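One structure is given below, encoded as structure tokens.
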Number of protein chains: 2
Amino acid sequence: MDTLTDPHILPVELTKAYRLLNHGPTVLVSARHGGVDNVMAAAWACALDFNPPKVTVVLDKAVKTRALVEASGMFVLQVPNAAQVDLVHAVGTHSLADEPDKLARFGVQLFDAPEIDAPLVAGCSAWLACRRVAEPHNEQAYDLFIGEVVAAWADSRVFRDGHWHFEDADPRWRSLHYIAGGQFYAIGESLRAAD
Amino acid sequence: MDTLTDPHILPVELTKAYRLLNHGPTVLVSARHGGVDNVMAAAWACALDFNPPKVTVVLDKAVKTRALVEASGMFVLQVPNAAQVDLVHAVGTHSLADEPDKLARFGVQLFDAPEIDAPLVAGCSAWLACRRVAEPHNEQAYDLFIGEVVAAWADSRVFRDGHWHFEDADPRWRSLHYIAGGQFYAIGESLRAAD
């Protein structure tokens, strides 16, 4: 597995990490335990705090990734893009439990980041490495997991200087916003409110 | 105050209500107690369950709307649109505590829905009326509120038959996705994943 060597991928200041999720993109959730890596899609992920940055994500009891998160205490939320729409839908609708070769079959390439015991998905626009904040009641009653963001990165071709640059980047970089039945919206034009 | 009489506004089946939030729009949160109405903006709102539908929303201890929700046990999440970008930013950056005429000043018009003890904001694309599910630990430790959706409506010019129709509607109906500093993105084009 490759390590984080792509020169386009730069660290994001932790106090700006919420901006990677603030516009509500569908994410990929990845985790690792006992030599098993998995990746799933999640539309129900959200920023929870600025500093230290925290996130929420809903992980159903049926998904394999949840068991990996419970065992390892780590997960990565990554922001995929329009070029990955088929991959996002495929990993969101196929289970590692039924298809042990799921990641290879759908062309998911992983890489490692220093000191993060979870895999990162290549080709995404941004990554938030999270340490699970154990809240057993939320996890059992609501499938709701809380993570503290311990490191974040973004591809500088679409996020740099603390801001998304969707309007200047190739449309392949636009974030994905899932509805249902294989239908997504890409993020659109920038709008600025009057002061 | 008007009641829900606009013929464009139709009920949304509760099992489809998650689709109103699934693409991660910035929302307006409204609540009422003791004769006081308030409306705030929130980027950190998310679907939590399908059936019965539940949502999460982060309400900081400093915001007046939180006190109204705590007192009344109800709130409405509404999905505003590009035509309302200035209103959304204004109610998100001004406090009722400092400006008692906040709603009038920013042109926020409210209406009522039957049996919902919280105001709805006119001109939005969709509304989810929620009953607070009391979770004191989440509320104190994380400012995280959970609501069960008890009724939902959408403007049929942009959401009908259980689906958003951003691609066919006037661009004024596009949902807003906040980043920071008064900058939003509108939702963009529809993308369909390969089966």
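The values are calculated or read from the model by the stated rules, or taken from the named source; none is laboratory data. On a predicted model such as this, the values are computed, not experimentally measured, just so you know. Using ideal geometry, Cβ is built from the backbone for each residue, glycine included, and neighbour counts are taken over all protein chains shown.
Filtering region B:18-62 down to residues that are part of a loop (DSSP other than H, G, I, E, B) and in contact with a Lys or Arg (Cβ under 9 Å, 6 or more places away or on another chain), which residue is farthest from the other protein chains (Cβ to nearest Cβ)?
Filtering region B:18-62 down to residues part of a loop (DSSP other than H, G, I, E, B) leaves B:21-26, B:34-35, B:43-44, B:51-52, B:59-62.
From the residues that got through so far, the ones that are in contact with a Lys or Arg (Cβ under 9 Å, 6 or more places away or on another chain) too are B:59-60.
On the way: B:L59: 12, B:D60: 10 Å.
My answer is B:L59.
Take the residues of region A:89-129 that are part of a loop (DSSP other than H, G, I, E, B) and hydroxyl-bearing (S, T, Y): which is modelled with the lowest pLDDT? Here the residue is A:S95.
The residues in region A:137-147 that are within 11 Å of another protein chain (Cβ to nearest Cβ) and either among the basic types (K, R) or not in a helix (DSSP H, G or I) (or both) can be counted, and the count is 3.
Go through region A:7-17 and give me each residue that's touching a residue at least 40 places away in the same chain (Cβ under 8 Å) and either assigned to a loop (DSSP other than H, G, I, E, B) or of a type in the set (K, R) (or both). Show your work before the answer.
Taking region A:7-17 first, the residues touching a residue at least 40 places away in the same chain (Cβ under 8 Å) are A:8-14, A:16-17.
Hits for region A:7-17 are A:H8, A:V12, A:E13, A:K16.
Scanning region A:152-176 for residues that are closer than 26 Å to A:M74 by Cβ and touching a Phe, Trp or Tyr at 6+ places or on another chain (Cβ under 8 Å) turns up A:A152, A:W153, A:A154, A:D155, A:V158, A:W164, A:S175, A:L176. Does A:L77 satisfy the criteria of being modelled with pLDDT of 95 or more and closer than 15 Å to A:M40 by Cβ? Against the criterion (modelled with pLDDT of 95 or more and closer than 15 Å to A:M40 by Cβ), A:L77 qualifies. Among the residues making up region A:90-112, those that are away from every other protein chain (no Cβ under 14 Å), touching a helix residue (DSSP H, G or I) at 6+ places or on another chain (Cβ under 8 Å) and farther than 23 Å from A:W153 by Cα are A:S95, A:L96, A:A97, A:E99, A:K102. Check region B:172-179 and report whether any residue there is of a type in the set (F, W, Y), within 14 Å of another protein chain (Cβ to nearest Cβ) and closer than 20 Å to A:L48 by Cβ. Yes, there is a match, as at least one residue in region B:172-179 is of a type in the set (F, W, Y), within 14 Å of another protein chain (Cβ to nearest Cβ) and closer than 20 Å to A:L48 by Cβ. Residues that are among the hydrophobic types (A, V, I, L, M, F, W, C), more than 13 Å from the chain's Cα centre (by Cα) and within 22 Å of B:V85 (Cα to Cα) within region B:99-157 comprise B:L103, B:A104, B:F106, B:V108, B:F111, listed in sequence order.
Close Cβ contacts (under 7 Å, 6 or more residues apart or on different chains) running from residues in region A:78-89 that are free of Cβ contacts under 8 Å to residues at least 40 places away in the same chain and facing chain B (nearest Cβ under 7 Å) to residues that are hydrophobic (A, V, I, L, M, F, W, C) and assigned to a strand (DSSP E or B) are absent.
Against the condition within 14 Å of another protein chain (Cβ to nearest Cβ) and out of contact with any His (no Cβ under 7 Å at 6 or more places or on another chain), how does A:A134 come out, does it pass? First the steps, then the outcome.
On the way: within 14 Å of another protein chain (Cβ to nearest Cβ): yes; out of contact with any His (no Cβ under 7 Å at 6 or more places or on another chain): yes.
Yes, satisfied.
B:S190 passes every criterion in (1) under 17 Å from B:P25 (Cβ atoms); (2) not in a strand (DSSP E or B) apart from (2). If the condition is being closer than 28 Å to A:S190 by Cβ and surrounded by fewer than 24 Cβ atoms within 10 Å (Cβ to Cβ), then region B:60-77 contributes B:D60, B:V63. Suppose the filter is in contact with a helix residue (DSSP H, G or I) (Cβ under 9 Å, 6 or more places away or on another chain) and assigned to a helix (DSSP H, G or I); does B:A83 pass it? Yes. The sole residue among B:T65, B:T5, B:T15 that is polar (S, T, N, Q), away from chain A (no Cβ under 14 Å) and more than 13 Å from the chain's Cα centre (by Cα) is B:T5. If you go through region A:153-186 and keep only what is buried (at least 22 other Cβ atoms within 10 Å of the Cβ), under 22 Å from B:G182 (Cβ atoms) and out of contact with any helix residue (DSSP H, G or I) (no Cβ under 9 Å at 6 or more places or on another chain), you end up with just A:H177.
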